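Only the coordinates and a few stated rules stand behind these numbers; no lab work does. This structure is a prediction, so every number in the text was calculated from the model and none was measured. We place every Cβ from the backbone using ideal geometry, glycine too, and count neighbours over all the protein chains shown.
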Number of protein chains: 2
Amino acid sequence: MTPTFAVAELLERCRIAINPALGEAVDRLTPDLRLIASYHFGWSDPSGQPTKAPSGKGVRSTLAILGAEASWAQSEVGIPGGVAVELVHNFSLIHDDIIDTDAERHHRPTVWSEFGVGPAIVAGDALAVLAHQVLLESSPERGPAASRALAEATAMMIAGQADDIAFEKRRDVSVEQCTAMSAAKTGALLGCASSIGAILAGAPDAAVRALHDFGLHLGLAFQAVDDLLGIWGDPLTTGKPSGNDLRQRKKSLPVVAALAAAGPEADELRSLLLGEPGETLGPLQADQVDRARYLVEACGGREWTTVRAKANLDSALGALERVRLSALPHRDLADLAVYIVERDF
Amino acid sequence: MTPTFAVAELLERCRIAINPALGEAVDRLTPDLRLIASYHFGWSDPSGQPTKAPSGKGVRSTLAILGAEASWAQSEVGIPGGVAVELVHNFSLIHDDIIDTDAERHHRPTVWSEFGVGPAIVAGDALAVLAHQVLLESSPERGPAASRALAEATAMMIAGQADDIAFEKRRDVSVEQCTAMSAAKTGALLGCASSIGAILAGAPDAAVRALHDFGLHLGLAFQAVDDLLGIWGDPLTTGKPSGNDLRQRKKSLPVVAALAAAGPEADELRSLLLGEPGETLGPLQADQVDRARYLVEACGGREWTTVRAKANLDSALGALERVRLSALPHRDLADLAVYIVERDF
């Protein structure tokens with residue numbers, strides 16, 4: 001879905017606010033690491049020549065700036081938080097691409113496939129620690145609390161990633177475990193991104209908590225939509241092969257919800273996706289992907305996940321109503337949430 | 001070299017002080033990550049059964065405790081610092097073993113070779129962020145400064161690791177560049193380990209700086225000795241094949257110093273180790289290792305590095321004299337430094 005004009009303008013405004021500070025942070029890295037980071041952010045080609053390659057939308061840094069503005073602070077107050085969450089998010093992307101052996105991101109080779117696994121590990125490590133330096137140097141008064149919130153969110157994200165890896169080998173993942181994993185892997189950092197601006201602005205605890213809950217539920221809604229797109233998404237829009245998650249037998253939310261159902265269709269799905277205990281499983285064939293897609297829907301996995309995405313979006317928007325926030329950024333936060341969740345599904 | 005009774009007792013005393021807190025920190029990890037960390041620390045086998053496998057000596061946590069004691073604080077004050085530096089040190093070991101494809105450490109499979117590359121990346125990431133959580137939660141007053149010092153040291157260590165990787169491909173590494181790399185890769189974290197206890201104790205800046213310099217020079221001395229052992233060390237003592245660094249054409253200090261010399265022997269060494277520009281180089285053969293070892297010594301690389309190790313040990317001990325420190329821990333720091341540097345070389 002193309003962002004509405006208002007959301008596109010919002011993302012662009014925040015990108016312009018964040019990029020100089022993000023560039024300044026990356027400039028502190030040693031030359032080899034700076035090159036890798038610049039390449040990853042789409043600022044240069046692998047030889048260091050400036051380019052404007054597509055990169056992320058900067059949702060997390062936008063949330064950080066809006067969190068500060070919603071707490072009646074200048075947007076500048078949120079900038080160290082925005083830089084830090086982008087650094088942590090991109091550290092996790094660089095490492096995740098190694099772990100998942102994904103060779104492309106935004107239609108360019110991923111860092112490990114361009115520079116090698118060793119340099120990619122080190123570059124990710126460098127971004128992670130840089131995030132804390134940025135926060136701890138930002139304000140002696142509020143930087144430490146922001147750094148602590150980011151460390152907690154990062155620890156949750158890493159725990160979620162570890163669970164995600166572990167789930168691949170398990171046959172018995174429950175809907176609750178799957179939800180907890182995605183709350184940790186995606187929700188924790190979005191919760192931190194949404195509240196770190198308020199922390200830096202010295203907002204009351206209730207506002208920090210409300211903004212955190214907003215981001216956490218936004219993350220759960222986002223993950224649910226991502227899981228729907230991984231099965232029913234248009235390859236032209238997602239940039240990934242059709243039914244990619246099914247092909248890889250990924251235990252995404254619709255699949256886990258469908259597997260929890262009873263009846264002959266759920267039995268067929270179980271045998272198709274999980275095989276026999278101890279069996280070594282390769283990727284599904286194209287006709288098996290089609291059959292699995294049908295079965296997940298027939299077992300209610302699509303419906304259940306769609307309802308969940310909507311419920312979490314409602315919870316996110318509801319969290320914003322629990323406290324008094326500055327009106328314009330409040331509306332921006334809500335618009336951004338709706339845009340993120342209401343992609344083509 | 002077997003530690004003297006006094007140093008062995010010191011390391012054991014600090015291990016007993018640190019291990020419960022280190023175990024408590026590791027217990028906060030998600031089960032899969034906790035298992036990997038316990039295995040890495042030598043506390044359990046790969047299935048989680050308790051063992052007592054050999055692991056590191058705990059030099060860094062001992063330095064952290066001594067730094068607090070030297071600042072007239074209780075050893076407990078240094079414990080969060082000791083836990084944090086051990087966590088960062090071990091995060092770097094787990095990632096370095098992947099980068100260097102080292103399959104064994106302390107005569108056991110390394111984390112990546114036991115659990116896989118993905119889980120090893122994630123486990124390293126988890127220990128790095130846990131270190132900051134431990135510090136930021138330790139004391140609202142002094143934890144942030146300790147966390148900031150650790151973040152700076154970690155950033156230096158990572159930059160040094162990136163340079164080390166880059167040096168492998170370069171023909172023209174100078175002695176200065178090699179020294180700067182080892183100051184960053186080894187010295188920065190030892191500098192932090194030696195001063196973090198003083199930071200947590202609220203010691204004056206001059207004492208923090210003196211202890212930091214002590215650790216930095218100790219790191220440089222340690223690296224010089226390590227480089228000497230990598231060429232002339234006894235395989236029985238080092239646990240690595242004889243002349244391992246030469247076999248891998250590593251640009252360690254003695255090699256770089258020898259390459260900077262003039263004359264036919266330096267020319268022969270250059271051609272043996274660096275080949276022709278653009279040539280793809282495999283490991284050296286056994287007879288080439290022997291010849292290179294002779295040439296490095298003939299070009300003065302051994303003598304130069306030995307002098308450097310001793311000069312840095314002197315600088316380290318000298319740094320301790322710049323400020324007034326509590327006498328007993330001062331002596332312990334000096335004994336530990338001498339023990340670390342005066343291994344069999």
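Close amide H contacts of B:Arg142 (hydrogens built in the peptide plane, cut-off under 5 Å, sequence separation of 5 or more or a different chain): none are found. Each residue of the stretch A:117-122 was assigned a 3J(HN,Hα) from its phi angle through the Karplus expression (A = 6.51, B = -1.76, C = 1.60, θ = phi - 60°), giving 5, x, x, 5, 4, 5 Hz with x at Gly and Pro. Which one of A:Leu273, A:Leu135, A:Leu211 has the biggest mean-square fluctuation once chain A is modelled by GNM with Cα springs under 10 Å? Of A:Leu273, A:Leu135, A:Leu211, the Gaussian network model singles out A:Leu273 as fluctuating most. Using a cutoff of 8 angstrom between alpha carbon atoms and counting only pairs six or more residues apart, the relative contact order for chain B works out to 18 percent. Placing unit charges on the Cβ atoms of the charged side chains and taking the dipole of the stretch A:5-341 about its Cα centre, the candidate lying farthest along the positive direction among A:Cys192, A:Leu253, A:Leu317 is A:Leu317.
Between amide H atoms placed 1.01 Å from N, distances below 5 Å from A:Gly233 occur with A:Gly243, all of them 5 or more places distant or on a separate chain.
The Cα atoms of the stretch A:204-266 give a gyration tensor whose axes a ≥ b ≥ c have a/c of 1.5 or more with a/b no greater than b/c, which makes the shape oblate.
Magnitude of the charge dipole for chain B, about its Cα centre and with charges confined to Cβ atoms of Lys, Arg (+1) and Asp, Glu (-1), is about 340 debye. Give the residues of the stretch A:292-307 whose amide nitrogen is closer than 15 Å to a point set 7 Å from the Cα of A:Arg343 in the direction of its Cβ. Hits in the stretch A:292-307 for A:Arg343 at 15 Å: A:306. For chain A, modelled as a GNM whose springs connect Cα atoms under 10 angstrom apart, the maximal fluctuation among A:Leu236, A:Leu246, A:Leu328 occurs at A:Leu236. Charged side chains reduced to their Cβ positions (Lys and Arg at +1, Asp and Glu at -1) give the stretch A:208-264 a dipole of some 220 debye around its Cα centre.
Return the FRET efficiency for the residue pair B:Lys310, B:Lys169: r is the Cβ-Cβ distance, R0 is 35 Å, and the value is rounded to the nearest 0.05. Approximately 0.65, to the nearest 0.05. Under 5 Å between amide hydrogens, built in the peptide plane, is the criterion, and for A:Arg105 it picks out A:Thr110 among residues at least 5 positions away or on other chains. Cβ crowding within 10 Å ranks B:Lys57, A:Lys52, A:Lys240 as A:Lys52, A:Lys240, B:Lys57, fewest other Cβ atoms first.
Our note on the geometry: Cα centres of the stretch B:16-91 and the stretch A:284-338, 42 Å apart. The mean number of Cβ atoms from other chains found within 10 Å of a Cβ in peptide B:144-155 is 6, as a whole number.
The ranking of A:His330, A:His132, B:His107, B:His212 by Cβ neighbour count inside 10 Å, starting from the fewest, reads B:His107, A:His330, B:His212, A:His132.
Quick check on the stretch B:82-221: take the gyration tensor over C-alpha atoms, sort the square-rooted eigenvalues as a ≥ b ≥ c, and tell me if it's rounded (a/c under 1.5), prolate or oblate. The shape class here is oblate. Inter-chain neighbour count for B:159-168: the average number of beta-carbon atoms from partner chains within 10 Å of each residue's beta-carbon is 5. Once you order the gyration tensor axes a ≥ b ≥ c over the Cα atoms, which shape class does the protein assembly as shown get: rounded for a/c under 1.5, otherwise prolate or oblate by comparing a/b with b/c? Taking the square roots of the gyration eigenvalues as a ≥ b ≥ c, the protein assembly as shown is prolate. Partner shielding of B:108-121 amounts to 3, given as the average count of beta-carbon atoms from other chains within 10 Å of each residue beta-carbon.
Pick from B:Ala53, B:Ala149, B:Ala201: which is most flexible by mean-square fluctuation in a GNM of chain B where alpha carbon atoms under 10 Å apart are linked? With Cα springs under 10 Å in chain B, the top fluctuation among B:Ala53, B:Ala149, B:Ala201 is at B:Ala53.
Considered as an equivalent ellipsoid built on the Cα gyration tensor, the stretch B:87-164 has semi-axes of 26, 14, 9 Å, the largest given first.
Computed from backbone phi with θ = phi - 60° and the Karplus coefficients 6.51, -1.76 and 1.60, the 3J(HN,Hα) list for the stretch B:261-274 is 6, 10, x, x, 5, 5, 4, 5, 5, 4, 5, 5, 8, 9 Hz; x is used for glycine and proline. The modelled label-to-label distance between B:Ala206 and A:Asp100, using points 7 Å beyond Cα along the C-beta direction, is 5.6 nm. The charge dipole of the stretch B:83-159, taken about the Cα centre with unit charges on the Cβ atoms of Lys, Arg (+1) and Asp, Glu (-1), comes to about 180 debye, rounded to the nearest 20.
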